[in-house]
1. List pairs: first in the stretch 1-22 and more than 23 Å from Pro203 (Cβ to Cβ) and modelled with pLDDT of 95 or more, second part of a strand (DSSP E or B) and of a type in the set (Phe, Trp, Tyr), Cβ under 8 Å, 6+ apart or cross-chain?
2. May I ask you to list the residues in the stretch 79-111 that are under 18 Å from Asn152 (Cα atoms) and in a strand (DSSP E or B)?
3. Out of Leu101, Leu82, I need the residue that is under 16 Å from the mean Cα position of the chain (by Cα), within 11 Å of the ligand (Cβ to nearest atom) and modelled with pLDDT of 95 or more. Which one?
4. Leu45 passes all but one of (1) at pLDDT 95 or above; (2) in contact with a strand residue (DSSP E or B) (Cβ under 9 Å, 6 or more places away or on another chain); (3) outside any helix (DSSP H, G or I); which number fails?
5. Could you go through the stretch 139-150 and let me know if any residue there is in contact with a His (Cβ under 7 Å, 6 or more places away or on another chain), more than 21 Å from Thr26 (Cα to Cα) and within 16 Å of the ligand (Cβ to nearest atom).
6. Among the listed residues Arg104, Arg81, Arg75, identify the single one that is closer than 29 Å to Leu214 by Cβ and of a type outside the set (Asp, Glu).
7. Quick one: is Ala234 assigned to a helix (DSSP H, G or I) and crowded, with 23+ Cβ neighbours inside 10 Å?
Amino acid sequence: MVPVLNLVHLYPGLLNLYGDRGNIITLKQRMAWRNMELRVHQVGLGEDFPDVPVDLLFMGGDQDREQVVVVDDLRERLAGRLSALVDDGVPFLAVCGSYQLLQRYYHPARGPDLIGLGIFDAHTVHPGPDVARCVGNIVARWDLGTIVGFENHGGRTYLEGDTAPLARVVAGFGNNGQDGTEGARVHNVFGTYIHGSLLPKNPAFADLLLRLALDRRFRDIELSPLDDSLEEAARRSAIARTAS
Ligand code: GLN
C-alpha cells in the first residue's frame, strides 16, 4: 500500500501573494519521487478541516490587508484545532505574514494590532509605510546547514522569552534586521520570513518536514535520498552571490 500523508493548506485563496504554494508542490513531488503520496486539502475562510488525519500544516504570506481578513477566522474558529495538532507534534510551516499571525500579535503598518494565536512567544511591529521594507536575498545558518531564499516584509519580529530562532542571519534582514535572528521554531512549528519559494531551494528543509510527518504517522518508513545536485549548485551560487 502506498504511504499517504494529508497536508492542510490554510487560506490558499488569501495568503498567496509570494508564490509560497511552491512549498506544497515541492513536498508533493518529493513524496511522489519516493512512491508515496501527499494529499493536499485546502481550508479557506469559514471552511472546516477535512475529515482526515492531519499530517502537515501550511500557511503562506501576504499583505497586511489579507492578514486583517484572515486573523479573526484563524483565531476564533481554528485556534483550538491548530493548538491540538501542534501539541500532537504535527509539522507546521508558516511563512512571513502567517508566521506573524502565529505570534502573540502583529502591529500592522496601519490600523489596530492583529491578535495572533500565540504559538510563538514573539510579536511583530510594522514601523509604517514610510519605512523601507526588508527586501532582498537572504542566507541564514541553521541546524541542517544553510538556508537560502528571498524576503519581503515590512514587519519586524522580536522573539520573547526563550523562543528559539529558526536560523541565524548570514546576509539579509531576517526577523528584524538587528538581532541576527531569522524565524522561530517551537515543537514542530517552523516560522520563517523566507520566500523563494523556500522548500524548492532548500531540499533538506522539505525532507525534514516529511520525515517528521512520516515518523509521527508510520514510524518505520525510510526517506530515500534524492538527487538534489541541481539545487545544491543553485544554493552554492546563491550563497556566493548573497553572502559575499
Ligand atoms: N504584511 C506583512 C509584512 O509586510 C507580511 C508580508 C509577507 O507575508 N511577505 O510584514
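The values are calculated or read from the model by the stated rules, or taken from the named source; none is laboratory data. From a predicted model like this one, the values you see are computed outputs, not experimental measurements. No Cβ is skipped: glycine too gets one built from the backbone with ideal geometry, and neighbour counts run over all protein chains shown.
1. Leu10/Phe58
2. Result: Leu93, Ala94, Val95, Tyr106, His107.
3. The match here is Leu101.
4. Condition not satisfied by Leu45: (2).
5. Taking the stretch 139-150 as the starting set, the residues that turn out to be in contact with a His (Cβ under 7 Å, 6 or more places away or on another chain) are 149-150.
Filter once more, so that each one left must be more than 21 Å from Thr26 (Cα to Cα): none.
Scanning the stretch 139-150, I find no residue that is in contact with a His (Cβ under 7 Å, 6 or more places away or on another chain), more than 21 Å from Thr26 (Cα to Cα) and within 16 Å of the ligand (Cβ to nearest atom), so the answer is no.
6. Values: Arg104 fails: closer than 29 Å to Leu214 by Cβ; Arg75 fails: closer than 29 Å to Leu214 by Cβ.
Within the list Arg104, Arg81, Arg75, the selection yields Arg81.
7. Numbers: assigned to a helix (DSSP H, G or I): yes; crowded, with 23+ Cβ neighbours inside 10 Å: no.
No.
Conditions tested, residue by residue: (1) under 15 Å from the mean Cα position of the chain (by Cα); (2) surrounded by 14 or more Cβ atoms within 10 Å (Cβ to Cβ).
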| position | (1), (2) |
| --- | --- |
| Asn175 | yes, yes |
| Glu182 | yes, yes |
| Val186 | yes, yes |
| Leu199 | yes, yes |
| Asp207 | yes, yes |
| Arg211 | no, yes |
| Arg219 | no, no |
| Leu223 | no, yes |
